[in-house]
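The values are calculated or read from the model by the stated rules, or taken from the named source; none is laboratory data. These figures come from a predicted structure and were not determined experimentally. Reconstructed Cβ throughout: ideal geometry from the backbone, glycine too, with neighbour counts over all protein chains shown. These area figures cover heavy atoms from the full protein model, side chains too; ligands, DNA and RNA do not enter into them. Shrake-Rupley method; radii C 1.70, N 1.55, O 1.52, S 1.80 Å.
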Amino acid sequence: MEQHSGHALVHRDDEASKIGMWLFIFTELLLFGGLFVVYAVYRHLNPVAFHLAAEELDVTVGTINTVILLVSSMTIAMATSSIKLGNKRLTLLLLSITMILAIIFMVNKYFEWGGKISHGIYPNSQTLLDLSQGDVLFFGLYYAMTGLHALHIIVGLVIIAVMFFKVWNGSINNDYNVQLENSGLYWHLVDLIWIFLFPLFYLIT
Amino acid sequence: MEPNYLEYKGKYKGIFAWIFSTDHKRIGLLYLYAVGAFFCVGALLGLLMKLELIAPDKTIMEAQVYNSVFTLHGITMIFLVVIPGLPAVFGNFLLPIMIGAKDVAFPKLNLLSWWVYVFGALLALSSQFMGSGPPDTGWTFYAPYSFQTQSNVLPAVMGAFVLGFSSILTGLNFIVTMHRMRAPGMGWFRMPLFPWTLYATAWIQLLATPIVGITLLMIVAERTLGIGFFDPAKGGDPILYQHLFWIYSHPAVYIMILPAMGAISEILPTFSKKPIFGYKALVFSSLAIALVGYFVWGHHMFTAGMSGTALYAFSFLTFLVAIPSAIKVFNWVSTLYKASIDMQTPFYWATSFIFVFMIGGFSGLVLGALATNVHVHDTAFVVAHFHFIVFGGVGYAFFGAIHYWFPKIWGRMYDVKWANFGWLTFFIGYLALYGPMFYLGLVGMPRRYFDYLPEYHGPNILSSLGAIVMIGGLAIIITNLIISSRRGETAKANPWGGSTLEWTVPSPPPLENFEEIPVVDKNPYEYK
Ligand SMILES: [Cu+2]
């Protein structure tokens, strides 16, 4: 009776963990959904300004970042498969690649934002306010949506780092790996949201 | 025998044995104490407003103070009390026991939800004490005022965001718990109705809360960065804010009321000694309310500026959502028909719930109709209506629930005479407080004003006196419950003759609820 520590329940249910993660992913999609609604409304109201403002963004950088995220989604999926096969070294390698790709994404983002800011284009800046209202809204949405997305990349990076550590010390292994799988799901979500942001800001001009 | 959950000693001692406990029952009580404390604060703020309104002109506070008082009253009552009220308190305590499980699916996440709740609450309340004066926007944080006012809106908005997180995590936990942990034999349609309403609620928590989360973040971005989404000077649209806000905040009403309906559906059959009438209709009406309730938010904005088509659609859908609510009332009343009724305190609360809920519901139709809405929009009528639903509905169900499950939670009985006397005082005060506000709204008294024309004086006196009586009733009820939880007579495992699983375990329940997971071979409401 007294063997339980603080609480009795030692209860493992991987299926439950996965359902929980999927539900959490719904909430994340809806969180971004609010911003997508705002984007849709203001694009509808300012079609010309949104068209012209989108041409200000660098499609090359956007494309590179898209490829980076897609590849990182692949590497984390491969990491999940390889831990299930019990290949710890390969898992650690794949997780490292995923983290490096995420960091490269952030570095690109840094230079992209930095470039815009050095041109005086950031929320509430005089340069931006001198442009049309459509521009103000477009760049407002650009910073809000890619910013919130970048925040998710950072959170994902921390999570993957924790997973790396747990694989390394063996607490995630070929028998118990639902945490890594869920982290992969989260990372795919971050990837998926970018797949929507990329055309909305860079491609539709 | 296992020690019961109140006496169990784990790793930690004293208060730490509670605030670090992952036991769903202790977490439920943690929520109860926090919600109870905030409720008392919110109720006293309400009393202060009513005292201000006892006579025209300034009575006890300045207009600006009045603005911050109704803002704090709203934030406290909505975000800290009513939204977590039934799901987080009774849901946590009872859901696992009622479905025959030892805990929720994610006990640690459950504890985290409580901590996030406390953190969010402190953040929201800190707006009162720091910076440039308490917020004065009302709990709705309408743009553009919410980013133009000099008052300290930021922590309140951030607090509401954090509280949303807590609400989402609780909902997520409950959905997974119900999918994965029902006892063997408990198919979906053998699940009691309170868990069913928690299930519908949890989906709303999950699917609606993120929208208000991002909306509040946009207000934060508006205040800190001047991003312009809701600022007409920069091309933004304040009405878009209202849409986004109500996309969450109307369904939030159902987060509040659905579990309340669930509690009533537990109390009525027990004291009628008769299976609930129309079990499946009650289940599906809960799901229908959750679904349709998602598409009616525009009825808060009939005078804000929308296309005619949108007005008709929102009005029609609002009328539609009244149908499942009416089905519930019909089924509750039918449950009482030819029953051998046992008149006990929870039963008084449940029947008075039906009474005030119907007044709230019918007045909601007055507001859902386009023509009458324009007349009573932003008047005391609206305040009366939503207090009849949110306080009349959720409040009565909460008190009904606590008087119903009290012996289970503390293993003791309360003093029935004082409990009944408290209920009667509260009920009379309540009707005197909110009843006149319907009339005041119809004759044109606006809401959220600290002053009014002399011709509104009479009904306002009655309303304020009602507030005093009602607070007196509350004091009796709460004092009785607190004293009884320490010194009441020992309660049996099943004092009311209930037939759901929580009555099969000892009072208070042992740490793990069940020594052996029960096998369910009957429907939830069968009485011998
Ligand atoms: Cu509504």
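The table for this structure:
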{"item": "Residues of the stretch B:59-76 satisfying the condition of being outside any helix (DSSP H, G or I) and among the polar types (S, T, N, Q)", "result": "B:Thr59"}
{"item": "Every residue from the stretch A:28-42 that is more than 9 Å from every other protein chain (Cβ to nearest Cβ) and in contact (Cβ under 8 Å) with a residue 24 or more places away in the chain", "result": "A:Phe36, A:Tyr39"}
{"item": "Tally of residues being over 19 Å from the mean Cα position of the chain (by Cα) and facing chain A (nearest Cβ under 10 Å) across the stretch B:176-209", "result": "5"}
{"item": "Every pair of residues 6+ apart whose Cβ atoms lie under 6 Å, when the first sits in the stretch A:129-148 and is within 8 Å of another protein chain (Cβ to nearest Cβ) while the second is polar (S, T, N, Q) and surrounded by fewer than 22 Cβ atoms within 10 Å (Cβ to Cβ)", "result": "A:Gly134/A:Asn46"}
{"item": "All positions within the stretch B:414-453 that are among the aliphatic types (A, V, I, L, M) and over 20 Å from B:Ala397 (Cβ atoms)", "result": "B:Ala432, B:Met437, B:Leu440, B:Leu442, B:Val443, B:Met445, B:Leu453"}
{"item": "Residue, nearest to the ligand (Cβ to nearest atom), within the stretch B:275-321, restricted to residues that are of a type in the set (A, V, I, L, M) and outside any helix (DSSP H, G or I)", "result": "B:Val296"}
{"item": "Filter result (of a type in the set (Val, Ile, Thr) and surrounded by fewer than 20 Cβ atoms within 10 Å (Cβ to Cβ)) within the stretch B:352-368", "result": "B:Ile354, B:Ile359, B:Val366"}
{"item": "From the options B:Glu489, B:Glu502, residue that is away from chain A (no Cβ under 14 Å), among the charged types (D, E, K, R), touching a residue at least 12 places away in the same chain (Cβ under 8 Å) and open to solvent by less than 10 Å² (accessible area, probe 1.4 Å)", "result": "B:Glu502"}
{"item": "Single condition B:Tyr449 does not satisfy, out of (1) touching a strand residue (DSSP E or B) at 6+ places or on another chain (Cβ under 9 Å); (2) not in a helix (DSSP H, G or I)", "result": "(1)"}
{"item": "The stretch B:217-238, residues that are within 10 Å of another protein chain (Cβ to nearest Cβ) and assigned to a helix (DSSP H, G or I)", "result": "B:Leu217, B:Met218, B:Ala221, B:Glu222, B:Thr224, B:Leu225, B:Pro232, B:Ala233, B:Lys234"}
{"item": "Any hit, the stretch B:53-68, residues being surrounded by 23 or more Cβ atoms within 10 Å (Cβ to Cβ) and aliphatic (A, V, I, L, M)", "result": "yes"}
{"item": "Unique residue being within 14 Å of chain A (Cβ to nearest Cβ), within 29 Å of B:Arg190 (Cβ to Cβ) and buried (at least 24 other Cβ atoms within 10 Å of the Cβ) when the list is B:Ala88, B:Ala143, B:Ala101", "result": "B:Ala101"}
{"item": "Residue within the stretch B:55-72 that is within 14 Å of chain A (Cβ to nearest Cβ), more than 27 Å from B:Phe119 (Cβ to Cβ) and either touching a residue at least 60 places away in the same chain (Cβ under 8 Å) or not charged (D, E, K, R) (or both) present", "result": "no"}
{"item": "Count of residues meeting criterion [surrounded by fewer than 19 Cβ atoms within 10 Å (Cβ to Cβ) and either under 20 Å from the mean Cα position of the chain (by Cα) or part of a helix (DSSP H, G or I) (or both)] in the stretch B:1-31", "result": "4"}
{"item": "Single residue of B:Tyr396, B:Tyr404, B:Tyr414 found to be in contact with a helix residue (DSSP H, G or I) (Cβ under 6 Å, 6 or more places away or on another chain), part of a loop (DSSP other than H, G, I, E, B) and either modelled with pLDDT under 95 or crowded, with 23+ Cβ neighbours inside 10 Å (or both)", "result": "B:Tyr414"}
{"item": "Exclusive hit being part of a helix (DSSP H, G or I) and crowded, with 19+ Cβ neighbours inside 10 Å, set B:Pro135, B:Pro155", "result": "B:Pro155"}
{"item": "Given (1) within 13 Å of chain A (Cβ to nearest Cβ); (2) more than 19 Å from the chain's Cα centre (by Cα); (3) under 30 Å from B:Asn67 (Cβ atoms), number of the condition B:Ser167 does not satisfy", "result": "(2)"}
{"item": "Single match in B:Ala322, B:Ala326, B:Ala339, B:Ala371 (criterion: without any contact (Cβ under 8 Å) to a residue 12 or more places away in the chain and surrounded by fewer than 23 Cβ atoms within 10 Å (Cβ to Cβ))", "result": "B:Ala371"}
{"item": "Positions within the stretch B:242-263 being away from the ligand (no atom under 11 Å from the Cβ) and open to solvent by 10 Å² or more (accessible area, probe 1.4 Å), in sequence order", "result": "B:Gln242, B:His243"}
{"item": "Criterion: on the phi > 0 side of the Ramachandran plot, open to solvent by 20 Å² or more (accessible area, probe 1.4 Å) and more than 12 Å from chain B (Cβ to nearest Cβ) - qualifying residue of A:Gly114, A:Gly86", "result": "A:Gly86"}
{"item": "Selection count where residues are more than 21 Å from the chain's Cα centre (by Cα) and touching a residue at least 12 places away in the same chain (Cβ under 8 Å), scope the stretch B:113-131", "result": "5"}
{"item": "Pair list, Cβ < 6 Å and 6+ apart or interchain, from the stretch B:240-254 residues that are within 13 Å of chain A (Cβ to nearest Cβ) to residues that are more than 9 Å from the ligand (Cβ to nearest atom) and not in a helix (DSSP H, G or I)", "result": "B:Tyr241/B:Ala143; B:Tyr241/B:Phe230; B:Gln242/B:Met301; B:Gln242/B:Ala304"}
{"item": "Contacts under 8 angstrom Cβ, first residue in the stretch B:377-396 being under 16 Å from B:Gly46 (Cβ atoms), partner in a loop (DSSP other than H, G, I, E, B), 6 or more apart", "result": "B:Ala380/B:Met445; B:Ala380/B:Arg447; B:Val382/B:Arg447; B:Val383/B:Arg447"}
